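For reference, the structure is listed below as structure tokens.
The values are calculated or read from the model by the stated rules, or taken from the named source; none is laboratory data. What you are looking at is a predicted structure, and each value in this text was computed from that prediction instead of being measured. In this analysis, Cβ positions are derived from the backbone assuming ideal geometry, glycine residues included, and neighbour counts consider all displayed protein chains.
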Amino acid sequence: MEFSYGKDHLTASIALQIARGTLHGTISDDTRQAVNKSYAAVVSIADGSDAVYGINTGFGPLCNTIVSANDTSKLQENLLLSHSVGVGNPIPVEVAKLMLILKVHALCKGFSGISMQIIERIIWHINEDVIPLVPEQGSVGASGDLAPLSHLFLPLLGEGKVYHNGEYKETSAVLLKYNIEALKLHPKSGLALINGTQFIAAHAIKVIETLHNCLTHADIIAAMMIEGLLGSQSPFDPKLHAVRPHPGNLFVAHRINTLLDGSEIMKSHADCDKVQDPYSLRCIPQVHGSSRQAWRHLKEAVEIEINSVTDNPIIISADYTISGGNFHGQPLALPIDYACLAAAELGSISDRRCYYALEGSADTPKLLVKETGINSGFMILQYTSAALVSENKGLCFPSSADSIPTSLGQEDHVSMGSIGSRKALQVCNNLTKILAIELLHATQAMDFRRPLKSNKIIDAVHHKVRSQISHVTDDRIFSVDIEQAIAMIESKELLGIDGIQSFDNSHDLYPVFGVY
């Protein structure tokens, strides 16, 4: 399968497929013509006498400083060198590769004045897995992700480092191995490369994927916990949610109802005298559903962003250029902060279910093991869950609420979306660990319901977990169990169980919740 850069509609899933080598990116003849036309316009502007920002002027507060035609190439090279001020650890290689993919797609829209030679070199980096080293800190998320994108494209000049064959190497050495020369930048090319929101957007794509995986597992694990703790099915009645029809609530209630349908465990306590469950069980549709809606909001914003031109100035023609603020990260910064909070809340309610499971109600033993005193059981696993939940709370302060003026006041309001996107991904990774801990609690609780059977899907999930992680009777090194559970969630192997995919795709109320 192939994807046409600049022409086809890009999604988070497609970008990840290209990054992982399961989908190949190409450039159509129409796209080449559009790119070449835009490039010709820039060349014409550079040869003219009218001042156009970033082509024959300086940058930021130097926007009124005219640069001679002889210096326009050096101007672009200096731009990449001077703006490569990132610090901190390298971002994940996959995120850096996503940045390259997103940048190629934006440049191929034909409004950036870039040459095909540069685009083809970037595609070479993608196809050959020669991925630039990009430090994680240094962007304020407004004039584009200037510092990260500068590092991303230093290799075009033969500078910086790249990840290749499992390690970081000097770019010059890798280019020499492939007998490839560094490029000479043309007017505006440097500006076109570093103006944009690709650092924010690439991290947001990983947030979309990771949070979606967590949302999908959270519903399944919560249904297991309901079974294990003899929770009621009535809070998921569609008639209840019809009178408060938030899309996420309806979707999650439908999923939980489907997962509990036909369960012998549910039938075994249908006539019990318990009136209501704690909120952590009863309000799953409201909490999980709200997080679903935050995820959907981010997904929609990201899809607009990664199919847009976030450069400045925009080249319409040689006679028509527009300087604006398409590089400002605010359209992503706000939904990223929203998704970050949504992920943290999903972890918070998961931890509450773990705590409830330890209390020894619903005919399950205290701390989820029969012999306590000599055994601590699951008590300390919940400590780890609580620590992760608390850490996420500290990471939830919205980065978009802050702005520090830069560029001598020329850039006097910035989004800090770059910081928000890194934090959101960290929160989602913590959430995966929290859900893994709840999976262990829920599986253990369900053990005490045997020999009664659950719904076919839930029974299959329970069996899958127990095929790798045994029932706990005595204390052991639980970190091993946690790591195994984390791996099961991250690998999505539970989602490969018969019935889960069709079940996820069967609900046509809001199909957008099921895909990314």
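For the stretch 14-42, which positions are of a type in the set (Val, Ile, Thr) and closer than 21 Å to Met99 by Cα? Spell out the reasoning first.
Within the stretch 14-42, the first condition is being of a type in the set (Val, Ile, Thr), and the residues that meet it are 14, 18, 22, 26-27, 31, 35, 42.
The answer is Ile14, Ile18, Thr22, Thr26, Ile27, Thr31, Val35.
Yes or no: the stretch 154-171 includes at least one residue that is touching an Asp or Glu at 6+ places or on another chain (Cβ under 8 Å), assigned to a helix (DSSP H, G or I) and under 30 Å from Asp412 (Cβ atoms). No; the residues of the stretch 154-171 include none that is touching an Asp or Glu at 6+ places or on another chain (Cβ under 8 Å), assigned to a helix (DSSP H, G or I) and under 30 Å from Asp412 (Cβ atoms).
In the stretch 310-351, what residues are of a type outside the set (A, V, I, L, M, F, W, C) and in contact with an Asp or Glu (Cβ under 7 Å, 6 or more places away or on another chain)?
Going residue by residue through the stretch 310-351, those that are of a type outside the set (A, V, I, L, M, F, W, C) are 310-313, 317, 319-321, 323-326, 328-331, 335, 337-338, 345, 347-348, 350-351.
Matches in the stretch 310-351: Asn326, Pro331, Ser350.
Do the conditions hold for Ser189, that is, is it over 25 Å from Ile489 (Cα atoms), in contact (Cβ under 8 Å) with a residue 12 or more places away in the chain, polar (S, T, N, Q) and in contact with a helix residue (DSSP H, G or I) (Cβ under 8 Å, 6 or more places away or on another chain)? Here the answer is yes, as Ser189 does meet what is asked.
Every residue in the stretch 77-93 that is touching a helix residue (DSSP H, G or I) at 6+ places or on another chain (Cβ under 6 Å) and either without any contact (Cβ under 8 Å) to a residue 24 or more places away in the chain or among the β-branched types (Val, Ile, Thr) (or both), please. If the condition is that a residue be touching a helix residue (DSSP H, G or I) at 6+ places or on another chain (Cβ under 6 Å) and either without any contact (Cβ under 8 Å) to a residue 24 or more places away in the chain or among the β-branched types (Val, Ile, Thr) (or both), then Val85 is the only one that fits. When restricted to residues that are surrounded by fewer than 16 Cβ atoms within 10 Å (Cβ to Cβ) and not in a helix (DSSP H, G or I), the stretch 392-418 contains 7. When Ala270 is tested against (1) under 30 Å from Phe153 (Cα atoms); (2) at pLDDT below 95; (3) not aromatic (Phe, Trp, Tyr), just one condition goes unmet, and that condition is (1).
Conditions (1) crowded, with 24+ Cβ neighbours inside 10 Å; (2) under 26 Å from the mean Cα position of the chain (by Cα); (3) more than 18 Å from Ala106 (Cα to Cα), marked per residue:
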residue	(1), (2), (3)
Gly141	yes, yes, no
Leu149	yes, yes, no
Leu157	no, no, yes
Tyr168	no, yes, yes
Ser172	no, no, yes
Leu176	no, no, yes
Asn179	no, no, yes
Ala201	yes, yes, no
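Evaluate the following for Arg32: is it within 15 Å of Asn127 (Cα to Cα), basic (Lys, Arg) and modelled with pLDDT of 95 or more? Taking the combined requirement at face value, the residue does not satisfy it.
Taking residues in the stretch 395-424 that are under 23 Å from Ile91 (Cα atoms), and partners anywhere that are of a type in the set (Phe, Trp, Tyr) and in a helix (DSSP H, G or I), the pairs with Cβ atoms closer than 6 Å and at least 6 places apart or on different chains are Ser418/Phe199. Inside the stretch 43-55, residues that are exposed (fewer than 15 other Cβ atoms within 10 Å of the Cβ) and closer than 17 Å to Lys103 by Cβ make up a count of 0.
Is it the case that Ala96 is free of Cβ contacts under 8 Å to residues at least 12 places away in the same chain, more than 28 Å from Ile316 (Cβ to Cβ), among the hydrophobic types (A, V, I, L, M, F, W, C) and not in a loop (DSSP other than H, G, I, E, B)?
Details: free of Cβ contacts under 8 Å to residues at least 12 places away in the same chain: no; more than 28 Å from Ile316 (Cβ to Cβ): yes; among the hydrophobic types (A, V, I, L, M, F, W, C): yes; not in a loop (DSSP other than H, G, I, E, B): yes.
No, not satisfied.
When every residue of the stretch 297-320 is checked against the conditions, at least one turns out to be outside any loop (DSSP other than H, G, I, E, B), buried (at least 23 other Cβ atoms within 10 Å of the Cβ), of a type in the set (Lys, Arg) and in contact (Cβ under 8 Å) with a residue 40 or more places away in the chain.
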